[in-house]
Amino acid sequence: GNSSWASREFVSVGTRPIVSPRVDQTDLPRGVSIPFQRRGSVLVVQATLNDRVSGSFIVDTGASSTMISRTMADRLGMDLGKKHPTIPVQTVGGLIHVPLVVLDSMEIGGFKVKDLTAAVHDIFPDPAIAGLLGQNFLSHFRLEIDNPKGVLVLESKAVPTMEGAREKAPRRTESRPD
């Protein structure tokens with residue numbers, strides 16, 4: 001059988017994100033080990049979308065964009081009938097245009113990227129696969145695959161700032177009359 005699930009042609013599709021994704025630096029560990037499952041030649045990890053829906057995603061360092069299945073889009077309550085920007089994707093059957101959506105957030109192992117653009121397309125024959133983690137998610141982190149341990153090691157590239165800590169300090173704004 002053919003073990004390459006993701007359409008390799010998708011790699012060549014450049015997409016401009018609708019908004020710039022940003023990494024949520026709240027209480028981030030320096031690095032985290034995320035267990036993966038191997039399915040043929042691909043790695044599968046659990047991801048949580050919009051802080052509420054989880055699914056199995058293929059880690060694809062060769063894909064420029066993150067993709068979610070139509071089922072996942074439905075579970076997130078996205079209306080695909082609405083007008084969405086699209087990108088062309090080369091499939092076995094020819095060129096198709098797939099809708100682009102913006103996820104509030106995508107999180108694996110405590111690392112969260114907010115405002116992440118994803119293409120909606122059923123690229124996998126296996127309904128247990130909810131999508132694909134592409135470079136627009138993965139490029140925010142240093143990524144190492146530890147095959148013997150069966151874990152994906154993610155490290156934040158961004159240096160945490162002190163801004164978040166300052167914002168959490170209680171502010172005294174009320175002035176009491178003497």
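The values are calculated or read from the model by the stated rules, or taken from the named source; none is laboratory data. Everything quoted here is computed from the prediction, not taken from an experiment. Note that each Cβ is placed from the backbone with ideal geometry, even for glycine, and that neighbours are counted across all protein chains shown.
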* Just one of (1) surrounded by 20 or more Cβ atoms within 10 Å (Cβ to Cβ); (2) touching a Phe, Trp or Tyr at 6+ places or on another chain (Cβ under 8 Å); (3) at pLDDT 90 or above trips up Q46, so point out which. => (1)
* Asked: Mind checking whether some residue in the range 25-37 is outside any loop (DSSP other than H, G, I, E, B), modelled with pLDDT under 85 and more than 15 Å from the chain's Cα centre (by Cα)?
  -> yes
* Enumerate the helices (runs of 4 or more DSSP H) found wholly within the range 64-178, keeping only those where 1 or more residues are modelled with pLDDT of 90 or more and surrounded by fewer than 17 Cβ atoms within 10 Å (Cβ to Cβ). => 70-75, 135-138
